[in-house]
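Notes to accompany the following structure.
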Amino acid sequence: MKQNPKFLKGFESYCRNENLFASRDRIVVAVSGGMDSMVLLHCLHSLSTQYQMKLISAHLNHKLRGNEGDEDEDFVREHCLKLNVPFICAVKDAAEFARENKLSLEAAAREVRYDFLERTRVENQFDKIATGHHADDQAETVLFNLFRGSGWRGMRGILSKRDAIVRPLLFASRSEIKKFAETTGIVFRQDASNASLDFKRNQIRHQLLPLIKKEMNPKISARLNDFGRIFREGDEYFRSMAEEALKQCLVDQSDSKFTLDIGRFCTYFTIIQKYILFHVLSEAGFSPDVLSFRQLESILELIHKRRSGRWHALPDGWKIGVDHSGIVLVKAPISESVQRVVVIGQKISVPERNILFSCEYASLDGLRYAEDATVEFVDGDKLAGANCEIRSVREGDYFFPLGLGHRQKLSDFFINNKVPFMERSRVLVFTCQDDVVWVCGHRLDHRFRVTSKTRDVVRLKIENG
């Protein structure tokens, strides 16, 4: 096979400048059989002896192209055998995965591919995964993200390295890669789906970019790559600034809760505030993409206006919003639901909350109210013959808090009385005919208070069970 020293030198130089590899690295090479991946495989193979790198080729059959997909697999296997590169293959029905997870076919194929590559890397105890993305892919990605309305992070385009993934061909255009394949005699397979206009990326590749090159700027791909680099540099700066700012803002941190000083947070420029939120989300295990542009703007608005009690839901039970302690990112505890029938004169064990609830008649003579919030006295006449329960709080629950004089939702009561968000799902209520009588440990309902007309008094109590 002929050599192309100039291209290989550019490949090696880019890898060195971007710090993509180290001596003795163990690399999973994603090889579809197409031009880009075959060139990637050959470039890495050419350097493997010099850098003492170990390679394995990983090929995924998406079951999207019938016999052609099987032929791709055979082609890559045979080629790897000639190069003496170990070959690993798997089959995953991307179309079925898309239907099951309600994803586009593009998104599903990408997800199953990267899942396969990562599993291959971990199971074989390798260091990195190399993919064949190049400069034209970069230009298409920047343009695609622009149309999606991405911010700074999206406009970075494809990163040369992210986690264990490296992309050594980003320095080269598609035409340069094609020329290298032709001059060195590298054979590859043609994927007909790459020409299909059913996919948005192909519409950008085959329709939009050629039109821009012809009518506006023949070097648009290079300019989009420059554009992406500017945003990558800006993103690096903003992330660095936000990391330092977060140290100044962070009041408290645990596995399930992050609290930021709202006053200090608001002193930073808006772009730094956004990056602080991105950083906190990352610490909680989320990608910044979990928030849309409009959601992010809405969160910043409630922060700036100090709108306590307003929350934005995130996956896995997390919420972000403002409460009395500041800006809070919190995961609600999963509390088992409680519902028990209560009969006056009995004690009820509630092991889900580790409490014992008692509801017993008490003497009206010499009645003394305890300062202890775990004890309350109510008008027993209003409970007589009624269906009473102790249960978990339900959405829409309301009562008439003693001393307030009007109806209030329990959710608003919790906010106004600064009941920590983490504790709200564990609060129990004692009810009569589904009217809330007592928010246990917090407040009695005005309608059930003991008055001068009360004949029978009932003592309610919660204690450790």
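The values are calculated or read from the model by the stated rules, or taken from the named source; none is laboratory data. Worth saying up front: this structure is predicted, and the values here are computed from it rather than measured. Neighbour counts are summed over all protein chains in view; Cβ atoms, including those assigned to glycine, are modelled from backbone coordinates with ideal geometry.
Are any of the residues in the range 450-464 in the same structural domain as Tyr361 (by TED's automatic domain parsing), more than 17 Å from Asp372 (Cα to Cα), surrounded by 21 or more Cβ atoms within 10 Å (Cβ to Cβ) and modelled with pLDDT of 90 or more?
no
Looking only at the range 370-412, how many residues end up being among the charged types (D, E, K, R) and without any contact (Cβ under 8 Å) to a residue 60 or more places away in the chain?
Total meeting the criteria: 9.
Taking the range 78-136 only, how many residues are among the hydrophobic types (A, V, I, L, M, F, W, C) and at pLDDT below 90?
Here the count works out to 9.
Can you spot a residue in the range 184-204 that is among the basic types (Lys, Arg) and not in a helix (DSSP H, G or I)?
Yes, the range 184-204 has at least one match.
Just to confirm my filter: which helices (runs of 4 or more DSSP H) fall fully inside the range 1-118 and include at least 3 residues that are of a type in the set (A, V, I, L, M)?
Here the list reads 35-51, 67-83, 94-101.
Scanning for something touching a Phe, Trp or Tyr at 6+ places or on another chain (Cβ under 9 Å), modelled with pLDDT of 90 or more and assigned to a helix (DSSP H, G or I), does the range 210-229 turn up at least one residue?
For the range 210-229, residues touching a Phe, Trp or Tyr at 6+ places or on another chain (Cβ under 9 Å), modelled with pLDDT of 90 or more and assigned to a helix (DSSP H, G or I): absent.
Give all pairs with beta carbons closer than 7 Å in which a residue from the range 233-251 that is in a strand (DSSP E or B) meets a residue that is aliphatic (A, V, I, L, M); count only pairs at least 6 apart in sequence or on separate chains.
So the pair list comes out as Leu250/Leu260; Val251/Leu260.
The conditions are (1) modelled with pLDDT under 95; (2) outside any helix (DSSP H, G or I), and Tyr268 fails exactly one of them. Which is it?
Checking Tyr268 against (1) modelled with pLDDT under 95; (2) outside any helix (DSSP H, G or I), the one that fails is (1).
Those residues that are touching a Phe, Trp or Tyr at 6+ places or on another chain (Cβ under 9 Å) and at pLDDT 75 or above, I need them from the range 360-383; list them, please.
Result: Ala362, Val375, Glu376, Phe377, Val378, Asp379, Gly380, Lys382, Leu383.
Which is of a type outside the set (S, T, N, Q), crowded, with 18+ Cβ neighbours inside 10 Å and under 17 Å from Glu182 (Cα atoms), of Leu44, Leu20, Leu40, Leu55?
Every option except Leu40 fails the conditions.
Return yes when Arg174 is of a type in the set (D, E, K, R), at pLDDT 95 or above and over 19 Å from the mean Cα position of the chain (by Cα) and no when it is not.
For Arg174, the condition - of a type in the set (D, E, K, R), at pLDDT 95 or above and over 19 Å from the mean Cα position of the chain (by Cα) - is not met.
Leu159 - would you say it is part of a loop (DSSP other than H, G, I, E, B), under 30 Å from Gln273 (Cβ atoms) and touching a residue at least 40 places away in the same chain (Cβ under 8 Å)?
Yes, satisfied.
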